[in-house]
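This report refers to the structure that appears directly beneath it.
The values are calculated or read from the model by the stated rules, or taken from the named source; none is laboratory data. Keep in mind it's a predicted model, so treat the numbers as computed, not measured. Neighbour counts are summed over all protein chains in view; Cβ atoms, including those assigned to glycine, are modelled from backbone coordinates with ideal geometry. The area values use the complete protein model at the heavy-atom level, side chains included, leaving out ligands, DNA and RNA. Shrake-Rupley method; radii C 1.70, N 1.55, O 1.52, S 1.80 Å.
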Amino acid sequence: MHPGRTTGKGPSTHTQIDQQPPRLLIVHIALPSWGDICANLCEALQNFFSLACSLMGPSRMSLFSLYMVQDQHECILPFVQVKGNFPRLQTCISELRMLQREGCFRSQGASLRLAVEDGLQQFKQYSTHVTTRAALTYTSLEITILTSQPGKEVVKQLEEGLKDTDLARVRRLQVVEVTKGILEHVDSVSPVEDPSNDESSILGTDIDLQTIDNDIVSMEIFFKAWLHNSGTDQEQIHLLLSSQCFSNISRPRDNPMCLKCDLQERLLSPSLLPGTADGSLRMDDPKGDFITLYQMASQSSTSHYELQVIKALKSSGLCESLTYGLPFILRPTSCWQLDWDELETNQQHFHALCHSLLKREWLLLAKGEPLGPGHSQRIPASTFYVIMPSRSLTLLVKAVATRELMLPSTFPLLPEDPRDDSLKNMERMLDSLELEPTYNPLQVQSHLYSHLSNIYAKPQGRLHPHWESRAPRKHPCKTGQLETNRARATVAPLPITPVPGRASKMPAVSKSSSDAFFLPSEWEEDPSGP
């Protein structure tokens, strides 16, 4: 199992850049802490999927499946395409809301392991029998186990239980511990990491461990990371610059330095949401310039896209009105195909560049690759970008206007002394406003989630004629459980056995189960569709 590594080979395509690998979420329920987590988790999931299912353009998420582990493991949602499936996902989230929050049940130590094995088996069958492009793009699965139990104990339990399991098809196995604390003031857009997690944050046998706070915003942020491009098959951007600009970096005079970088979005473009006049992503659309850069990177004659630094600018010398489109972020690459020495050297040079730019209060002006192939007597057009340093190990990149794009504009100079009565009125008005030191987008809500949910929501209940009604599960200490309609797993479940002894081994999967044929739901849509 290789964290962050995909099995695809060869040059990346636009679909591979935008689309994330299939994901299996296992919700590990423990009482009584589930009562504190349930509402926040379900709200965060509904908010996230209302957004993920609504984004136009290439699908950012391919397949998703949801399991629940309580007294036994159960598949609440077999693998489905995410795009266009919000009603079905919403129904499964509603089932999570109705799960038992009080009382007690007999926990079986093998249930978590069986959920991982059952989900992996189901994914293998889906990959074998479904021939859609989404199923063929990725042949490995990312598994996330969300638990309120101590994360390190869950990791040890999985390491012991899965030591004889073939995890070759698992791209990443992650345990996420939901802590009991709740953030009173949200000041960051990053999930709260376990202080013991350093660069690798990997314990034992390639199982990642992360902690998040028990609040809706932190959970949303964690799930939104699934929309990022996390592929590490190759670096995406080569930033070329002359060593003459930076005295603390020694390089041969005529040999430009190459910093190998990965791209990351800063925010989602509103043009990708339903209701915009044009959801297509064109090469000449400033609203989609980040996606455009991805397209140009994937269409490049080489395996990466090049930005050539041509000059430096004073930070105070750039007018914000000259930048357009959404910004994106450059960070040192984590491409697994580079050796460790090269990765370390590349990161150190990137760090030195950020430090030097901040110290000098400089920006960089860079020229992108030509937008298209040029003819013998034609010079292809190029895009220009400004590169801004930050206090983190990242560079912010924005497209900047060129002469051809400028419109004539004449602005009168600001008079030095306004009228006294007008000045006093404006000052009183400004004094009445609440002053914040910074803008925190996490504290500003546009009610977009509820708007998107209302667009795609359908009446709850039996959504599909082929879904089979399942009797409610009974708990030893609770009666009167609500009856729900569940999507029966399309893979024969592994047998539920009593808690095995320490020396016992996991049961073998029957041949009849592995040969079962997966029939995709009619609700699933082709990910290549709009």
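What to note about this one:
- Rounded accessible area of V155 (nearest 10 Å², 1.4 Å probe): 0
- A full extension of the chain between L413 and V444 corresponds to an added length of 7.7 nm, given 0.36 nm per residue minus the alpha carbon distance.
- Heavy atoms of the protein chains alone define the surface here; on that basis region 21-84 has 16 Å² accessible area per residue at 1.4 Å probe size.
- Alpha-carbon centroid distance for the pair region 416-454 / region 300-351, whole angstrom: 34
- Share of carbon and sulfur in the accessible heavy-atom surface of region 378-458 [1.4 Å probe, %]: 58
- Estimated FRET transfer efficiency (T323, A168; beta-carbon r; R0 60 Å; 0.05): 0.85
- Whole-number accessible area per residue in Å² for region 313-444, which is evaluated in the context of all protein chains at 1.4 Å: 75
- Remark on V175: its backbone amide H falls under 5 Å from those of I145, D208, L209, Q210, a criterion applied only to residues 5 or more positions apart or on other chains, H modelled at 1.01 Å from N.
- Anisotropy class of region 358-439 from Cα gyration tensor, a/c 1.5 cut: oblate
- Nearest-0.05 FRET efficiency for H351 and R403, computed from C-beta distance (R0 25 Å): 0.10
- Apportionment of accessible area to carbon and sulfur, region 21-60, percent (1.4 Å): 50
- Over 20 Å between alpha carbons, listed pairs K314/K359; K83/K398; K152/K224; K224/K398: K83/K398; K152/K224; K224/K398
- Note on L393 and A381: the model spin-label points, each 7 Å out from Cα along the C-beta direction, lie 3.8 nm apart.
- Applying 1/(1 + (r/R0)^6) with R0 = 51 Å to the Cβ-Cβ distance of S315 and E159 gives a FRET efficiency near 0.55.
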